[in-house]
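The values are calculated or read from the model by the stated rules, or taken from the named source; none is laboratory data. Not measured: the values here are computed from a predicted model. We place every Cβ from the backbone using ideal geometry, glycine too, and count neighbours over all the protein chains shown. Note: areas computed on protein heavy atoms with side chains; ligands, DNA, RNA excluded. Shrake-Rupley method; radii C 1.70, N 1.55, O 1.52, S 1.80 Å.
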Amino acid sequence: MRTDFSGGQSGLEATFQVRLTPSGGGAAVALGQVAFTPRKTLTAVVPAGLARGTYDVEVVDPAGRSGALARGFRVVTSAENVASFKVDLVEPARAGVPFLVSLSAIDAQGQVVDGFTGDVTATDLTGTVTPGSAGPFALGRLQARFTVTPVTVADALTVADALGRSGTSAPFAVSP
């Protein structure tokens, strides 16, 4: 409600309200500067420091009607926090046969950086790994198949992004 006693004007400014509630339970957080756009969408400002995780979104219109979208909003760690990549073989490597590798973008504390959606290049000690790149990541993770041509007792797969952040697998054998 807006009232101007000196000018003799008053009015009711109807507004939307938007709240985020942690999907696992917890206190709702009201979003600021909620605005209804000409495209019939809402914009709002999420408070700084909102904890990482998934949130249910509740919208209340000016008439008091509400609607909710379960797990409709996610706060992720910024891609700027990537310190390195974790490279884990999921399947044993055999010469000339694609094998599954799990890649994770991780921060300095070893936690997955779920805001990373980029690509990486791939190299190995034999110089034969294909493909030479993989991506995009989804929520900081990617599973990709790589092929190494020669048989070797000790290979290692290294991935790196465009900013030079990298990670190398533990040594592995490539069997016939």
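In order along region 57-68, phi translates into HN-Hα couplings of 10, 10, 10, 10, 7, x, 8, x, 7, 10, x, 9 Hz, rounded to whole numbers, per the Karplus curve 6.51 cos²θ - 1.76 cosθ + 1.60 with θ = phi - 60° and x for Gly and Pro. For the chain, with a Gaussian network of springs between Cα atoms less than 10 Å apart, report the residue from V153, V101, V113 with the top mean-square fluctuation. Maximum among the listed residues: V153. Here the peptides 33-46, 69-82 are ranked by packing, the mean other Cβ count within 10 Å, and the order with the highest first is 69-82, 33-46. Return the distance in nm (one decimal) between the two label points of a simple spin-label model at L89 and A173, each offset 7 Å from Cα along Cα→Cβ. Going from the L89 label point to the A173 one covers 0.9 nm. Distances longer than 29 Å among the Cα atoms of the chain: what percent of all pairs is that? Looking at the chain, the distances longer than 29 Å represent 46 percent of pairs. Phi-derived couplings, Karplus 6.51 cos²θ - 1.76 cosθ + 1.60 at θ = phi - 60°, listed residue by residue for region 103-114: 10, 9, 7, 10, 8, 5, 8, x, 8, 5, 8, 6 Hz, with x used for Gly and Pro.
Here region 89-140 has 56 percent of its accessible surface on carbon and sulfur atoms, given a 1.4 Å probe and all protein chains in place. Rolling a 1.4 Å probe over the protein heavy atoms gives the chain an accessible area of 59 Å² per residue.
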